[in-house]
């Protein structure tokens, strides 16, 4: 059930990001909903499912972009894998850790995208790059915080996810 | 902190390699996959329009009143332009100049935008089946909008003129000064490579020069809002406000050569 919810959520977020988020852009920069979905999947789901949803998020973003195909797919899988490895070292229950992970993933995603641009001979001036990277990182982090607060404020949803976690553990 | 096991590295490298292979050998896979998203994007765009109409009712009402007044003025200007055009045709015939044939256009609806912040692009609801191919120029009623980057069967991706990787050769309508217009991923464009002594001034109308392949000459790009000197001091640049409101495009026209 959780997997179906996540699947629907990723498709919904991809469509929202492509069609509606322009209304909420700041200096023509919009937050990365799909990255938040990927990090959330890596933090809350079992390893295999999490990597699949990271792949799906990255693929959805690549389909709706004009950039190098599969760049986001690879990067989202990489961030998902790193979050899974981190979750084995320490607990990700704390909201600040999750927000920090989203922030770090956003920053690293933008920096890594720059490498892909070099590969594809796409030049973006340094001033424009830093402007977009900083605003994207801050905006995505802020949105992740809002989403997390909404998620925590829904006790029914939390209980549902915890119950599913217990079922999967047994 | 991380114990990178060999198996993990091998499996990740294999996965990444497979994806890179996929991206390299099958470039049309992204074009095929965009077809799946066409109808969901159309539904979401329609919803956005309806909700936008309700939310921005008062703004739309005021804009409607303003546009009604402007349309009367424009009708007069159009009549004058028609007269000038007819006179032009007659004079060209007299001088036996070759007549420029008007270009054929196809209309398309914008159903989505780029999901990332690193490119300025649109997704439209027409593709190869409508005769659209990669490289075709996209305009709106107000001026130049962009170029077709990918064309699938029933959808296409358009790179807008405010993408930094799209350069258009342009001239000032007044002084005929040439330059290259590129984007800033924002609401303005930059006209670069202007000589230090170039004749470019505020409010100059910038149009396409016809030197870039496929771009017809005379398409409006925008107006100059600022002129400055490059850091090196060897050339100047001009900031241009686009004629087309790129953040609010809902319908576009594709020029079929």
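Out of region B:50-84, which residues are surrounded by fewer than 11 Cβ atoms within 10 Å (Cβ to Cβ), within 14 Å of chain A (Cβ to nearest Cβ) and under 26 Å from the mean Cα position of the chain (by Cα)?
B:50, B:53, B:59 - these are the residues of region B:50-84 that are surrounded by fewer than 11 Cβ atoms within 10 Å (Cβ to Cβ), within 14 Å of chain A (Cβ to nearest Cβ) and under 26 Å from the mean Cα position of the chain (by Cα).
Select, from A:134, A:97, the only residue that is more than 9 Å from chain B (Cβ to nearest Cβ), surrounded by fewer than 18 Cβ atoms within 10 Å (Cβ to Cβ) and modelled with pLDDT of 90 or more.
Values: A:97 fails: modelled with pLDDT of 90 or more.
One residue alone meets the criteria, A:134.
Only residues that are touching a residue at least 12 places away in the same chain (Cβ under 8 Å) and outside any loop (DSSP other than H, G, I, E, B): list them for region B:225-238, please.
Residues satisfying the conditions are B:225, B:226, B:227, B:229, B:235, B:236, B:237, B:238.
Would region B:161-182 turn up any residue that is under 25 Å from residue B:118 (Cβ atoms) and touching a helix residue (DSSP H, G or I) at 6+ places or on another chain (Cβ under 6 Å)?
yes
(1) buried (at least 17 other Cβ atoms within 10 Å of the Cβ); (2) at pLDDT 90 or above: which one isn't true of residue B:215, the others all being true?
Answer for residue B:215: the failing condition is (2).
May I ask you to say which residue of B:252, B:190, B:225 is modelled with pLDDT of 90 or more, surrounded by fewer than 16 Cβ atoms within 10 Å (Cβ to Cβ), under 25 Å from residue A:25 (Cβ atoms) and in contact with a strand residue (DSSP E or B) (Cβ under 9 Å, 6 or more places away or on another chain)?
Just a single option satisfies the conditions, and that option is B:225.
May I ask you to list pairs of residues, at least six apart or on different chains, whose Cβ atoms are under 7 Å apart, with the first in region B:35-48 being within 17 Å of residue B:115 (Cβ to Cβ) and more than 8 Å from every other protein chain (Cβ to nearest Cβ) and the second being modelled with pLDDT under 85 and not in a loop (DSSP other than H, G, I, E, B)?
Matching pairs, first to second residue: none at all.
Can you confirm whether residue A:60 is crowded, with 22+ Cβ neighbours inside 10 Å, at pLDDT below 85, touching a helix residue (DSSP H, G or I) at 6+ places or on another chain (Cβ under 7 Å) and facing another protein chain (nearest Cβ under 10 Å)? Talk me through it step by step, then tell me what you get.
Numbers: crowded, with 22+ Cβ neighbours inside 10 Å: yes; at pLDDT below 85: no; touching a helix residue (DSSP H, G or I) at 6+ places or on another chain (Cβ under 7 Å): yes; facing another protein chain (nearest Cβ under 10 Å): yes.
Here the answer is no, as residue A:60 does not meet what is asked.
Name the residues in region A:10-31 that are surrounded by 20 or more Cβ atoms within 10 Å (Cβ to Cβ), outside any loop (DSSP other than H, G, I, E, B) and facing another protein chain (nearest Cβ under 8 Å), would you?
A:14, A:15, A:17, A:18, A:19, A:29
Within region A:100-107, does at least one residue satisfy the condition of being surrounded by fewer than 18 Cβ atoms within 10 Å (Cβ to Cβ), closer than 23 Å to residue B:9 by Cβ and more than 9 Å from chain B (Cβ to nearest Cβ)?
To start, the set of residues in region A:100-107 that are surrounded by fewer than 18 Cβ atoms within 10 Å (Cβ to Cβ) comprises A:100, A:104, A:107.
Subset that is closer than 23 Å to residue B:9 by Cβ: A:104.
Cutting the leftovers down to more than 9 Å from chain B (Cβ to nearest Cβ) gives us A:104.
The answer is yes; a qualifying residue exists.
Tell me, please, whether a residue that is assigned to a loop (DSSP other than H, G, I, E, B), touching a strand residue (DSSP E or B) at 6+ places or on another chain (Cβ under 7 Å) and at pLDDT below 90 can be found in region B:239-248.
no
How about region A:75-94: which of its residues are surrounded by fewer than 22 Cβ atoms within 10 Å (Cβ to Cβ) and within 14 Å of chain B (Cβ to nearest Cβ)?
Across region A:75-94, the qualifying residues are A:78, A:81, A:82, A:84, A:85, A:86, A:87, A:88, A:89, A:90.
Return the residues of region A:36-51 that are more than 10 Å from chain B (Cβ to nearest Cβ) and crowded, with 17+ Cβ neighbours inside 10 Å; say none if nothing qualifies. Write out each step before concluding.
Our first condition is that a residue be more than 10 Å from chain B (Cβ to nearest Cβ); within region A:36-51, this holds for A:36-50.
Matches in region A:36-51: A:36, A:37, A:38, A:39, A:40, A:41, A:42, A:43, A:44, A:45, A:49, A:50.
The values are calculated or read from the model by the stated rules, or taken from the named source; none is laboratory data. Computed from a prediction, not measured in an experiment: that's the story for all the values here. Cβ coordinates were reconstructed from backbone atoms using ideal geometry, including for glycine residues, and neighbour counts include every protein chain displayed.
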